[in-house]
Amino acid sequence: MSFDLPPFCETPLTQRHQVAARWLLMVGALASLVPGMPPWAALLAGAAIALSLGNPCLIATSKASKWLLQLAVVGLGAGVNLAVVARVGQQGLGYTLLGLGLTFALGIWLARRLKVAPKIAALICAGTGICGGSAIAAAAPAIEAGPDETSAALATVFLLNAVALVIFPPLGYWFNLSPHAFGLWCALAIHDTSSVTGAALTHGPEALAVATTVKLARALWIVPVALGLGWWFHRKQPSGRKSALRVPWFIGGFLLLSALFTFLPGLAAWQHGVALIAHAMLTLTLFFIGAGLNRQVVRAAGVRPFLHGVLLWLVIASTTLAAIKYGVIH
């Protein structure tokens with residue numbers, strides 16, 4: 001029996017490994033589309049296949065991850081209500097600008113001390129300062145980050161999300177935070193929206209409402225941050241390699257979809273479905289990104305990006321808690 005690979009499956013593996021890897025990649029891709037599949041699980045599953053058996057379809061999965069990532073960012077715009085963003089964002093504009101400025105300043109300082117690659121550090125800062133995996137998904141193509149850089153940042157953020165989901169609820173009771181204060185802390189100090197809502201729900205409906213609204217307003221900062229990072233890394237390119245700065249098309253798509261679902265109430269019935277599709281595409285993208293790893297890439301990245309993300313998050317989370325506790329942020 002012959003198990004010939006299609007033309008795009010070019011990684012040299014033994015025939016047995018090729019067959020097993022192809023089947024696992026297919027099953028993993030389908031499983032990533034199941035509603036409720038955690039994005040971090042898809043990333044780890046793809047990485048496990050690639051590191052144990054190799055990826056015989058590396059070219060295909062790399063191309064798919066690039067396009068799926070951008071389409072997923074566009075779809076995420078359906079969940080951003082511009083009217084809510086304008087109202088809440090205007091109230092906390094100063095806090096947001098200060099928080100983002102401090103996050104990136106501290107992140108850059110830590111990256112230099114820990115010798116973390118600039119693009120990985122930028123992605124971790126974006127994920128920490130805005131909304132986790134969604135911000136990384138938007139910023140990665142804008143700065144032309146490689147799959148290894150994107151996966152290092154995503155793995156760090158997803159692991160810290162899981163930790164936050166466990167430790168934030170008891171810490172909220174320990175520090176005697178009101179539901180409003182706890183919801184605010186969750187929105188400002190936990191990376192991904194899913195973990196924000198999961199943690200805030202433990203303190204009641206008021207905490208959940210505050211957390212969801214504030215995190216929603218923060219999500220629109222994906223746009224200026226992605227554009228700013230794209231400009232910054234474009235500016236640092238050698239003059240011989242520098243091309244014209246282009247605004248990523250998916251940023252425009254994100255804003256367009258946000259505007260459509262904000263100002264056309266008749267589309268409300270489609271909002272949940274579009275959000276589910278966008279989440280599924282993002283999860284599938286993370287599976288393919290994980291499948292693009294190899295031992296050399298993992299060894300080269302090391303533990304420095306993870307340490308960078310942990311230290312940055314600890315400082316931001318503790319500073320935000322103190323500011324809320326003493327009424328600086330309210």
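If you check Gly146 against the conditions, is it under 19 Å from Gly302 (Cβ atoms) and in contact with a Cys (Cβ under 8 Å, 6 or more places away or on another chain)? Steps first, please.
Working: under 19 Å from Gly302 (Cβ atoms): yes; in contact with a Cys (Cβ under 8 Å, 6 or more places away or on another chain): no.
When the stated conditions are applied, Gly146 does not pass them.
Taking Leu267 as the residue in question, decide whether it is in a helix (DSSP H, G or I), more than 17 Å from Ala117 (Cα to Cα) and at pLDDT 85 or above.
No.
Can you spot a residue in segment 270-286 that is modelled with pLDDT of 85 or more and not in a helix (DSSP H, G or I)?
Scanning segment 270-286, I find no residue that is modelled with pLDDT of 85 or more and not in a helix (DSSP H, G or I), so the answer is no.
How many residues does segment 173-223 contain that are crowded, with 19+ Cβ neighbours inside 10 Å and not in a helix (DSSP H, G or I)?
6
Can you pull out the residues in segment 38-94 that are at pLDDT below 80, aliphatic (A, V, I, L, M) and over 17 Å from the mean Cα position of the chain (by Cα)?
Leu82, Ala83, Val84, Val85, Ala86, Val88, Leu93
Which of the residues that make up segment 224-253 are buried (at least 20 other Cβ atoms within 10 Å of the Cβ) and either modelled with pLDDT of 80 or more or over 26 Å from Thr193 (Cβ atoms) (or both)?
Of everything in segment 224-253, those that are buried (at least 20 other Cβ atoms within 10 Å of the Cβ) and either modelled with pLDDT of 80 or more or over 26 Å from Thr193 (Cβ atoms) (or both) turn out to be Val225, Ala226, Leu229, Gly230.
For (1) modelled with pLDDT under 90; (2) on the phi < 0 side of the Ramachandran plot; (3) of a type outside the set (Val, Ile, Thr), each residue gets a yes or a no:
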| position | (1), (2), (3) |
| --- | --- |
| Ala164 | yes, yes, yes |
| Pro170 | no, yes, yes |
| Phe182 | no, yes, yes |
| Trp185 | no, yes, yes |
| Thr193 | yes, yes, no |
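For segment 300-329, enumerate the residues that are of a type in the set (Ser, Thr, Tyr) and part of a helix (DSSP H, G or I).
Kept after step one, since they are of a type in the set (Ser, Thr, Tyr), are these residues of segment 300-329: 318-320, 326.
Scanning segment 300-329 gives Ser318, Thr319, Thr320.
The values are calculated or read from the model by the stated rules, or taken from the named source; none is laboratory data. None of the values given here were measured: they were computed from a predicted structure. Cβ coordinates were reconstructed from backbone atoms using ideal geometry, including for glycine residues, and neighbour counts include every protein chain displayed.
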